[in-house]
Amino acid sequence: MKLELATGTYYRVKRGQRLEEIAAVFHTTPRILAAENGLSEAPWAGQVVKIPPSSGNLYTVRGGESKRLLCGSPATYDRKNAWGALYIGQCVVL
């Protein structure tokens, strides 16, 4: 499925797309997209979502890593990722 940028920092969701797919294309996380757009459930086809500016590099968490190790402090991690949890295999913004 091909993704296309609607205009500037907004994207129109295609039928069958999930936040995970959209987030991967725009180098962000599904949690950040959901927080930016006030989503509590999956977006619907035709919905326009705001794509936040990139605030770092995406990284997959490995065992033994902490918020402080990844982002310098727990507060910075929480702010960048719009989410307080940290678990192995999670995609986060550094």
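Do any strands (runs of 3 or more DSSP E) entirely within the chain hold 1 or more residues that are in contact with a Cys (Cβ under 9 Å, 6 or more places away or on another chain), and if so, which?
Filter on the chain gives 58-60, 91-93.
List the pairs whose first member sits in the range 39-50 and is closer than 10 Å to K14 by Cβ, whose second member is of a type in the set (D, E, K, R), and whose Cβ atoms are under 7 Å apart, counting only residues at least 6 apart or on separate chains?
From residues that are closer than 10 Å to K14 by Cβ, the pairs are A45/K14; A45/R15; G46/R12.
Could you list, in sequence order, the residues of the range 8-63 that are surrounded by fewer than 12 Cβ atoms within 10 Å (Cβ to Cβ), over 15 Å from V92 (Cβ atoms) and at pLDDT below 90?
If the condition is that a residue be surrounded by fewer than 12 Cβ atoms within 10 Å (Cβ to Cβ), over 15 Å from V92 (Cβ atoms) and at pLDDT below 90, then G8, P53 are the ones that fit.
Considering L70, L86, which residue is in contact with a Lys or Arg (Cβ under 7 Å, 6 or more places away or on another chain), surrounded by 15 or more Cβ atoms within 10 Å (Cβ to Cβ) and not charged (D, E, K, R)?
L86
The values are calculated or read from the model by the stated rules, or taken from the named source; none is laboratory data. None of these values were measured; they are calculated from a predicted model. A quick note on method: Cβ atoms are made from the backbone with ideal geometry, for glycine too, and the neighbour counts reach across all protein chains shown.
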